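Have a look at the structure below, then the notes.
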Amino acid sequence: MLLQRIVDTSRRVAEIRGRIDKIDLLASVLRAARPNEIETVIAFLSGAPRQGRIGIGPTALHQARTDVPAVRSVLELWEVDSTFAQVAEVSGKGSTAEKLRLLRGLNERATEQEQHFLMRLLTGELRQGALEGLMMESVAKASGIGASRVRRAAMATGDLGIVARVAMTQGEAGLSAFTIQLLRPVRPMLAQPAESVSEVLGRLGEAAFEYKLDGARIQVHKAGDDVRVFSRRLREVTHAVPEVVDAVSALSPRELIVDGEVLAIRADGTPFPFQATMRRFGRKLDVDRLRAELPLTPFLFDLLYVEGQDVTDEPQAHRFERLAEFAEDTLLVPHTVTSDEAEARAFLEAAMRRGHEGIMAKAPGAVYAAGGRGQSWLKVKPAHTLDLAVLAAEWGHGRRRGWLSNLHLGARDPRQDSFVMLGKTFKGMTDEMLTWQTERLLGLEISRDRYTVYVRPELVVEVAFNDVLESPHYPGGLALRFARVKRYRSDKTAYDADTFDTVREIYRRATGRGPPAPP
């Protein structure tokens, strides 16, 4: 397959508004791909090379461009993928020059359209609307396999490209090999926001309520004496959290996968700030000293696998009941099941008194939809907060001169695979945060003007705000009122940012009317 077909498909997916039409287009490309091209097709149309980051920045990528592009399309998809693999493997003295040589050779054979596509692909700026959920449905349509079956296989492997290749070449029988396996992390199930306990009960009826802990999400696997801990982003953090290893090692089952949260707790039982907990993650040195200074407490709330059995298809109530059979109450998240609004409000108030964010509400009959953000799990936080992507930042003035200060905030638009700007904020930032974000954002820079540095949307920041207002100044017609930064969410990717639909719904609930049409 020629690279140009992917370039054309990317452009057309961005132009098409209908979800079904996008799926049809993507499915047709998958059907046309050779088996050894399928993983690359999935990766490129999802907006990233298969190799991930290849160790070369935007400035060097511009240097690899050529002023004399090819006049016709000759680049094969496999050639591009192979070159990216070579670039990713180059290291050591002179590696930058060698990477540039390889990429320049690729660009010399690329048309102007193809060069532009490759630049955006490698800088993370390829936003053509093919989000993972859309790609999953496209794989299902192209292969003739049910979308739920494809989704489950992708959940188990964590790699849609591999799932797509097997689905297209081996059919549903091939996907049977993709099951939850010990010591291989699966994507966590996620929650949707809800305004109140009343709304939760109206949507779920009876619900299982849990404290919403302001800690770090963990997934723990136990295979005999081997216990491993993974973060929300599926990165192994076992070495950094020995308390979690000790707690799960002591549980009676020999084989386990459990979902939970870990956080630092004060002597009075209230939690330390999120940043304190995150000090413990990613540390390879001084773990014993930090453990003594800032011990972590794990809380478990779900069971995915036990003694050779995948239980993700069992109802939430059964999974929690089975978890409680071998986990002491002190290891379980505070939990109650009720359909009574007064009782649920009292539970929320108790969580807030203990210093927690709010409560989670889960449908007792819901399966564990790994990687999904459905209506079966809802989160209630009394203050308005959103997790938004940082799109750009403006240089500060006065005391903040030399720092990137005023953040441009964006909500995710899954339909267009882009971000909708909701406003700016410079409030709530400490000097330490300003120093950190300046260095980090400069590393993500894609362009700049006199006042603003535009960045790849990789950082997620939790923003508190008072209201959502109509605004003619922003593309979506809405803006946040009195936005202020609470913290950076280092445990989340831009894919985990709250969606613009969530913002529109907040506006609708507050005003009783639909959002304004974009200006």
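The values are calculated or read from the model by the stated rules, or taken from the named source; none is laboratory data. If you're wondering where the values come from, they're calculated on a predicted model, not measured in any experiment. Please note: Cβ atoms are built from the backbone with ideal geometry, for glycine as well, and neighbour counts cover all protein chains shown. What goes into the accessible areas is simple: the full protein's heavy atoms, side chains included, and nothing from ligands, DNA or RNA. Shrake-Rupley method; radii C 1.70, N 1.55, O 1.52, S 1.80 Å.
Legend: residue pairs Lys141/Lys381; Lys22/Lys222; Lys99/Lys222; Lys22/Lys492, Cα-Cα distance threshold 30 Å; pairs beyond threshold, Lys141/Lys381; Lys22/Lys222; Lys99/Lys222.
Only one residue of Leu441, Thr493, Gly158 has its Cα farthest out toward the positive end of the dipole of the chain, where Lys and Arg carry +1 and Asp and Glu -1 on Cβ, and that residue is Leu441.
Computed from Cα atoms alone, the Kirkwood hydrodynamic radius reported for region 84-125 is 11.0 Å. Measure nothing but the geometry: give the 0 to 90° angle between the long axis through the Cα atoms of 19-32 and the longest principal axis through the Cα atoms of the chain, rounded to 10°. Long axis of 19-32 versus the principal axis of the chain: about 60 degrees. Just tell me which lysines come within less than 28 Å, Cα to Cα, of Lys93; anything on the same chain fewer than 8 places away is out. By straight Cα distance, Lys93 reaches Lys284. Ligands, DNA and RNA left out, the accessible area of region 408-519 computed with a 1.4 Å probe is 52% carbon and sulfur. Against the main long axis of the alpha-carbon atoms of the chain, helix 147-157 sits at an angle near 80°. Partner lysines whose Cα lies under 16 Å from the Cα of Lys424, excluding those fewer than 8 positions away in the same chain, are identified as Lys486.
When a/c is below 1.5 the answer is rounded, else prolate if a/b is larger than b/c, else oblate, so apply that to region 453-497 with a ≥ b ≥ c taken from the square roots of the Cα gyration tensor eigenvalues. Oblate shape, in that a/c is at least 1.5 and b/c is the bigger or equal ratio. Convex hull volume of the C-alpha atoms in region 142-266, normalised per residue: 169 Å³.
The ellipsoid that matches the Cα gyration tensor of region 1-125 has semi-axes, each √(5λ) in whole angstrom, of 26, 15, 13, with the longest given first. Summing +1 for each Lys or Arg and -1 for each Asp or Glu among the other residues whose beta-carbon sits under 14 angstrom from that of Ala250 gives -2. Using +1 at the C-beta of Lys and Arg and -1 at the C-beta of Asp and Glu, which of Ala140, Ala389, Val311 has the Cα lying farthest in the positive direction of the dipole of the chain? Value: Ala389. Region 225-293 and region 442-489 have Cα centres lying 32 Å from one another. If I compute Cα extents along the principal axes in Å from the structure I just sent, which labelled value in (1) 70, 62, 53; (2) 76, 65, 40; (3) 72, 70, 38 lines up? Checking each listed value against the structure points to (1).
For the listed peptides 182-195, 80-93, 63-76, a ranking on the average number of other beta carbons within 10 Å per residue, highest first, reads 182-195, 80-93, 63-76. Accessible area per residue for region 297-416, computed on protein heavy atoms with a 1.4 Å probe, is 42 Å².
Relative contact order for the chain: 12 percent, from Cα pairs under 8 Å spaced at least 6 residues apart, divided by residue count.
Mind pulling the angle between the C-alpha long axis of helix 112-123 and the longest principal axis of the chain? Nearest 10 degrees, somewhere in 0 to 90. In the chain, helix 112-123 runs at an angle near 30 degrees to the longest axis.
Each residue of region 307-367 gets 98 Å³ once the volume of the Cα convex hull is shared out per residue. In the chain, helices alone account for a calculated mean residue ellipticity at 222 nm of -11500 deg cm²/dmol, with every DSSP H run of four or more residues adding -39,500 (n - 2.57).
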